[in-house]
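Trainee: Structure below; questions to follow.
The values are calculated or read from the model by the stated rules, or taken from the named source; none is laboratory data. Note that the coordinates shown come from a computational prediction; the quantities given were computed from them, not determined experimentally. Quick reminder, even Gly has a Cβ in these numbers, built from the backbone with ideal geometry, and neighbours come from all protein chains shown. Remember, those area values only see protein heavy atoms, side chains included, never the ligands or the DNA or RNA. Shrake-Rupley method; radii C 1.70, N 1.55, O 1.52, S 1.80 Å.
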Amino acid sequence: MTSVTLLLRLAGPLQAWGNERAALHTRHTSAHPTKSGVIGMLAAALGRPREEPLGVLAELSFGVRCDVPGTLLEDYQIASDFRGRMLPSSEFLGSGAQKPTNDRAMQPSRRHYLQDAAFLAAIHGPETVIAQIAAAVRAPVYLLALGRRSCPPTMPLLLDTLPGTVEEALAGHPWIATEQARKVWQRRHLGAAPPEVELSAYVDDPHGQLTYRDQPVSFHPERRQHAHRPVAHRLIRVPSGFEAKPDAPTSASATDQGHDPLALLGW
């Protein structure tokens, strides 16, 4: 059976990809999209109920390239009404009145997000399965989100379907940074305009040196399960799209620019 790779552009004002550190009052985010989060998004596009077994979705290979890491945003929340009182419960008493809540409902909550980030995700599997997923992403049954429901993706989401492996697809696609993101990158690298940029990527690999606990086993609301998966870290060089300038440095490396930080200390 022929296998192909689907490329997705995961970008938006905010993203939040849960990790093992997530707790009731502090919801952390991973530094890049998780396999569980992306597979869950595809399951939503297909219209699969959470109680339904994942089947072939759990067998897909996954990789992600960090084109624009973004910056961390912390949102401080507290649940109360306009008077500062606790919100009533969504449950009702036999009399028809809403149940009161306890002091726990007034405790603050911190939600972490990635802002202005952009990632290139690759999903590899049988051609027929990938074709179904691609069609569902174009016309999803449920609204799609970048980790949390409050984080909708910007378009385009679906980029391409290609032959080859996850790594080949990630290595062959141009940098997806916007023009504004490229300007920010240049400011942070002292105006450098290299012909290529080096991007981090994380791909499924049975011999990978990293272990992530984001392999989805079940999305059932009452018994969600995740397993560990081995992951390899790769550095991928892709064309930057920068126009070379005679007076501009061609690399972000400090040594290439003749910069010696110890000289500031009189060494």
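Trainee: As a test question: what accessible area, to the nearest 10 Å², does C66 have when a 1.4 Å probe is rolled over all protein chains in place?
Mentor: 20 Å²
Trainee: Quick one: Karplus J couplings for the range 27-44, per residue in order, coefficients 6.51, -1.76, 1.60, θ = phi - 60°, nearest Hz, x for Gly and Pro?
Mentor: Each residue of the range 27-44 in turn: 9, 7, 10, 6, 6, 8, x, 8, 5, 4, x, 6, 5, x, 5, 5, 5, 5 Hz.
Trainee: A further question follows. Apply the Karplus parameterisation 6.51 cos²θ - 1.76 cosθ + 1.60, with θ equal to phi minus 60°, to every residue of the range 153-162 and state each ³J(HN,Hα) to the nearest whole Hz, in sequence, with x for glycine and proline.
Mentor: Residue by residue, the range 153-162 yields x, 8, 9, x, 8, 8, 9, 6, 10, 10 Hz.
Trainee: Hey, quick one: spin label on S218, modelled 7 Å out along Cα-Cβ, who in the range 39-62 has an amide N within reach, i.e. under 12 Å?
Mentor: What the label zone holds, given the 12 Å backbone N cut-off, is 51-54.
Trainee: Continuing with this model, one more query. Can you list the HN-Hα couplings for the range 220-226, worked out from phi with the Karplus curve (6.51, -1.76, 1.60; θ = phi - 60°), rounded to whole Hz and with x for Gly and Pro?
Mentor: Listing the rounded values in order: 4, x, 8, 8, 5, 9, 9 Hz.
Trainee: Using 7 Å Cα-to-Cβ label points, what is the H207/Q98 separation (nm, one decimal)?
Mentor: Going from the H207 label point to the Q98 one covers 5.9 nm.
Trainee: Tell me the label-point distance for the pair H189, L235, using the 7 Å Cα-to-Cβ offset, in nm and rounded to one decimal.
Mentor: 1.2 nm
Trainee: Show me 218-229, 26-37, 137-148 ranked by packing, highest mean number of other Cβ atoms within 10 Å first. All intermediate terms of the calculation are to be shown ahead of the outcome.
Mentor: On the way: 218-229: 13.2, 26-37: 21.7, 137-148: 16.1.
So the order, starting with the most tightly packed, is 26-37, 137-148, 218-229.
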